[in-house]
Amino acid sequence: MEVISLKCPGCDAPVSTEQKKCEYCGNHIIIQNLRQMERMPMLQINKYAASYRKTLEENPDHIEVNCSIGACYLKLKLYDKALTAFEKAMQDNFEMAEPYYMAAIALLEGKKAFVAQRASIDRAVDYLNSANMIEPKAIHYYFLAYIKQDYFDRKFLKTSPGYKEMLDMAAELGMTDEEADEFFSILNVPRPSCM
C-alpha cells in the first residue's frame, strides 16, 4: 500500500498511513474495520470523516483512506456515500477483501435483505464472492448465508449453494456466535432464529 502523510483524525498531529495508532493521542489513524469505531461517539466519527475527506482531496485514489471514510459513513448511516467510498477503494484492488465486504453491507442500507431490491442483492452477492476470492473468511460466508436465507429462501427463489451450505462453510472457517451477533448489529437488523 502507498504510504502518505496526513493529520491524525483524533488530534491533528502529523502522521502517516504506515502508522497504526497516533503516538500523541493513541487513536487509530486508519480505520480498518467497524470494531475500531465501536465505542467512538458520533462526533468523533464525524471528525474522522472530515479528516479523511481532506486527505482524499490530495490523494483521491488511496485505498485505505477510501475504505476508512467508507467505514465512517457506514457507521453514520450514510449508505450511498459509504458505497461510493468502498467502490473507489475496490478499483484496481485485488489484495484487500474488506472494501468488498463493507460495500455489501452498505448495499443493504441498514434494512433486512428481504426488503432490498434484487439489483442490490445481486451486487452484494458479487461483492461477497469477490471478497472470498481475495481472502476466504467465515464472515463473508455467513453474510452470504444470511442473504440466501432472508432474501432467496423467504421469496421461494432457488439458489445454489443454499444458505445451509454457506453456514457450514462459515462454521468450518471458525464463525462464532459473538461474531454473528456483531454482524447483525453492524447490519442494524435482528438476528434470524435460523442463524
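The values are calculated or read from the model by the stated rules, or taken from the named source; none is laboratory data. All figures in this text were calculated on a predicted structure; none of them were measured in a lab. FYI the Cβ positions are ideal-geometry reconstructions off the backbone, even for glycines, and counts take in every protein chain you see. For the accessible areas, the whole protein counts, side chains as well, though only heavy atoms, and no ligand, DNA or RNA atoms are used. Shrake-Rupley method; radii C 1.70, N 1.55, O 1.52, S 1.80 Å.
Only a single criterion out of (1) among the small types (Gly, Ala, Ser); (2) open to solvent by less than 20 Å² (accessible area, probe 1.4 Å); (3) under 20 Å from Pro190 (Cα atoms) is not satisfied by Ser68, namely (3). Is it the case that Tyr141 is of a type in the set (Ser, Thr, Tyr), assigned to a helix (DSSP H, G or I), open to solvent by 10 Å² or more (accessible area, probe 1.4 Å) and free of Cβ contacts under 8 Å to residues at least 60 places away in the same chain? Considered against the rule, which asks whether it is of a type in the set (Ser, Thr, Tyr), assigned to a helix (DSSP H, G or I), open to solvent by 10 Å² or more (accessible area, probe 1.4 Å) and free of Cβ contacts under 8 Å to residues at least 60 places away in the same chain, Tyr141 comes out as yes. Among the criteria (1) assigned to a loop (DSSP other than H, G, I, E, B); (2) touching a residue at least 12 places away in the same chain (Cβ under 8 Å); (3) open to solvent by 30 Å² or more (accessible area, probe 1.4 Å), the one Arg123 does not fulfil is (1).
Each residue in segment 71-92 was checked for being open to solvent by 20 Å² or more (accessible area, probe 1.4 Å) and not hydroxyl-bearing (Ser, Thr, Tyr), and 11 pass. In segment 153-193, of all residues being more than 28 Å from Ala71 (Cα to Cα) and of a type in the set (Gly, Ala, Ser), the one that is surrounded by the most Cβ atoms within 10 Å (Cβ to Cβ) corresponds to Gly162.
Counting only residues that are open to solvent by 40 Å² or more (accessible area, probe 1.4 Å), assigned to a loop (DSSP other than H, G, I, E, B) and over 18 Å from Gln91 (Cβ atoms), segment 33-65 holds 4 of them. In segment 154-186, of all residues being hydrophobic (A, V, I, L, M, F, W, C) and farther than 18 Å from Asn129 by Cβ, the one that is nearest to the chain's Cα centre (by Cα) corresponds to Ile186.
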